[in-house]
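Enquirer: Right, I'll just put the structure down here and ask away after.
The values are calculated or read from the model by the stated rules, or taken from the named source; none is laboratory data. Given the structure is predicted, the values throughout are model-derived calculations rather than measurements. Ideal geometry is used to build each Cβ from the backbone, glycine not excepted, and the neighbour counts take in all protein chains shown. When the accessible area is computed, the model is the full protein with side chains, heavy atoms only, and any ligands, DNA or RNA have been set aside. Shrake-Rupley method; radii C 1.70, N 1.55, O 1.52, S 1.80 Å.
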Amino acid sequence: MSSALEGQKQWAANITTFLTKYSYICDSYIIEFFSEDLWDTLPTRWQQVLGDLTPQQIADLLLDRTWDRRYPSVWPLSLLAFRATAHALAFPRVVRQEQSRQVGIPEEFLENQCQSSLLGHIFRKHVKPKKQHEIQKLGTMVKQLCDQTECKNVVDVGSGQGHLTRFLSFGLGLTVTAIEADHALVDMASKFDGQLLSVLEKEKRKKKSSSQVPVPGPCPRHVAGWVNPKASWEMFIKQLSNTECVSEEPTECGYSKKRLRDSEQHVQKHVPTTESESHDCKHTPFNTVKPPSDSHLSPKHQSSSPALSKRLCKEEVVGESSRGSYNPCAPPPPVYQLGVGRVEEAQRNTEFILTGLHACGDLSATLLRHFVNCPYVRGITSVACCYMKITTKEHPSPPGLVAPPLQPVLTNEMSHSEFGYPMSSWVRGLQGHELSYKAREGACHAMEDYIQRLREESALLKTHCYRATLETIIRGARPELRRAGVQTVKKAHLLSFTEYARLGLPRVGLPAETSLDPDSVKSMLRQEGRVVVYFSLALLLSPVVETLVLLDRMIYLQENGIQSHLVPLFDPNFSPRNLVLVAVKPSMDVGRTCTIPP
């Protein structure tokens, strides 16, 4: 067992022990602060020293792991140990320890807060600053992996409107296949691809010299499809190769869905009936990989079988590209077709890097499983989000889970290997490894943003107290309503509580004129400071929960013989889910070595 794996296992074990002790905090809902008397669940000495803290002190003494602390009173050792352990067990979230610069603004936005200086103007259109920061950072890392593995093919899963995809393909010259479940987003991505090419063409005409304009990489191929976490990697590869799922939106760099269908029908009408004819697919409108000639087949595998010829020809029909390159997601030719000298070349031609920028819920876990099991995936960069949507044995169908189209929702009959957490055998065997829905939901919160609110004493701090007070009123009127979905009241922090209640009560079926007890409401609103303290205690545990989820994935990779690294790639003040899990499979080729980008 490697020392790295031993360290990760001990780390995970320490986290489960710690979270088990304080599960009553990370599993609690702040909206139940009054209705469940959450303040009284804290140790008495904690209540005494925390009750009168100012927002600034909460930020400095509890949440900021780097602050030089000067306590206003003597804190109990148990509270000091709680704070220190929470910080020690959480993975560092700071990029290169950049503590001196202006909070919340990466250096690339110092000149213009809306435009990244590291990203060309053609990649900033339709892209918010946060996303600009993310696609530049992650795209650069993916390119490094491609260079190290001698692989130019990338599959972007959960690609959305294709912002990362365009940067990888047009900006970095990679061959990219993007898959997205939302057909509308796929169409939008294709539309934006066309707009980018139009801009490049205009710049060419304006400068009258193509040498003065960056030459774009291969146009990305967009596939509309839902990645089923229960499907095999073979089905995933087949899904990526499915031309029927290509966006219907015609673009300047690809075919519309209708044209693809017409082309496929044309191919099927002209299926070759002899082996020699199967090696010439000029009648297809697609750019294809040229298959090996008969001279590379061993005598016993040479055949004039029409069935074999038809299958080989159909395998050659792959996705469109603007440079005559192959589709990185098409299944490779069967190994038995190739001579010894061609096997290695074919393998490299079908390898690709898998990436997912904020892949929601189980999608990140699914990509890791495909990375481990699929022989064609060379490396992976995984940025997770929406941990509360991860399936677990205890909660196989969490709120917000996207069910497979035309298939039943996940059930308790799933095997442990199909759940999003835990993935590793080690964590699954730890006592107390279970993470509640609330704990996982809390792991998605942004500590850096809340620290900033505390230091500014923002009016936004009152919203938790408002909602907790409203929860008490709701339960008083209808005790069966627990944690009813009030949803966000727009600009609640600018409203009086009475105005807030008038807007919120109808959302749970209560009249806006529901009688409010003024004395009771005032008593609860005066405890805003305690609500903020309790929420901060829970927030302090959030990075620990996130660390356990990601450690579980790293251990899973180690259990399958693959080392990985967790990199705080994005600025956490700008992009809260900033940890990137990056891994490369061990190379089987002599002289080919791969390292993880810093």
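Enquirer: Could you work out the per residue convex hull volume over the alpha carbons of segment 477-598, in cubic angstrom?
Expert: Values: hull volume 21.8 nm³, N = 122.
Spread over its residues, the Cα hull of segment 477-598 gives 179 Å³ apiece.
Enquirer: Considering Cα pairs under 8 angstrom that are at least six residues apart, work out the relative contact order of segment 1-80 and quote it in whole percent.
Expert: Relative contact order of segment 1-80: 20 percent.
Enquirer: Only four residue types carry charge here, +1 at the Cβ of Lys and Arg and -1 at the Cβ of Asp and Glu. Report the dipole size of segment 1-156 about the Cα centre in Debye, rounded to the nearest 20.
Expert: Result for segment 1-156 is approximately 480 debye, rounded to the nearest 20.
Enquirer: I would also like to ask the following. Among I31, Q47, F18, which residue has its Cα positioned farthest towards the positive end of the charge dipole of segment 1-85, with +1 placed on the Cβ of Lys and Arg, -1 on the Cβ of Asp and Glu, and the dipole taken about the Cα centre?
Expert: Working it through, the farthest residue towards the positive pole turns out to be F18.
Enquirer: Determine the share of segment 99-194's accessible area contributed by carbon and sulfur atoms, expressed in whole percent, with a 1.4 angstrom probe.
Expert: Whole-percent figure for carbon plus sulfur exposure: 49.
Enquirer: Take the alpha carbon gyration tensor of segment 51-180, find the square roots of its eigenvalues, order them as a ≥ b ≥ c, and report rounded if a/c is under 1.5; if not, report prolate when a/b exceeds b/c, else oblate.
Expert: Values: a/c = 3.17, a/b = 2.22, b/c = 1.43.
Because a/c hits 1.5 or more and a/b exceeds b/c, segment 51-180 counts as prolate.
Enquirer: Okay, next question. Work out the charge dipole of segment 432-569 with +1 on the Cβ of Lys and Arg and -1 on the Cβ of Asp and Glu about the Cα centre, then indicate which of L481, L494, S515 is farthest towards its positive end.
Expert: After comparing all options, I get S515.
Enquirer: Using a Förster distance of 56 angstrom, determine the FRET efficiency expected from the C-beta separation of D517 and V94, and round it to 0.05.
Expert: 0.75
Enquirer: Put a dot 7 Å past each Cα toward the Cβ at E456 and L110; how far apart are the dots in nm?
Expert: 2.1 nm
Enquirer: Which far-off residues, 5 or more places away or on another chain, put their amide H under 5 Å from the one on V154, with H placed in the peptide plane?
Expert: T175, V176, T177, I353
Enquirer: Calculate, for segment 32-170, the solvent-accessible area per residue in square angstrom, rolling a 1.4 angstrom probe over the heavy atoms of the protein chains.
Expert: Numbers: 6590 Å² over 139 residues.
Dividing the accessible area of segment 32-170 by its residue count gives 47 Å².
Enquirer: Here is a further query. Taking 7 Å along the Cα-to-C-beta vector as the label spot, tell me the Y24-T41 distance in nanometres, rounded to one decimal.
Expert: 0.8 nm
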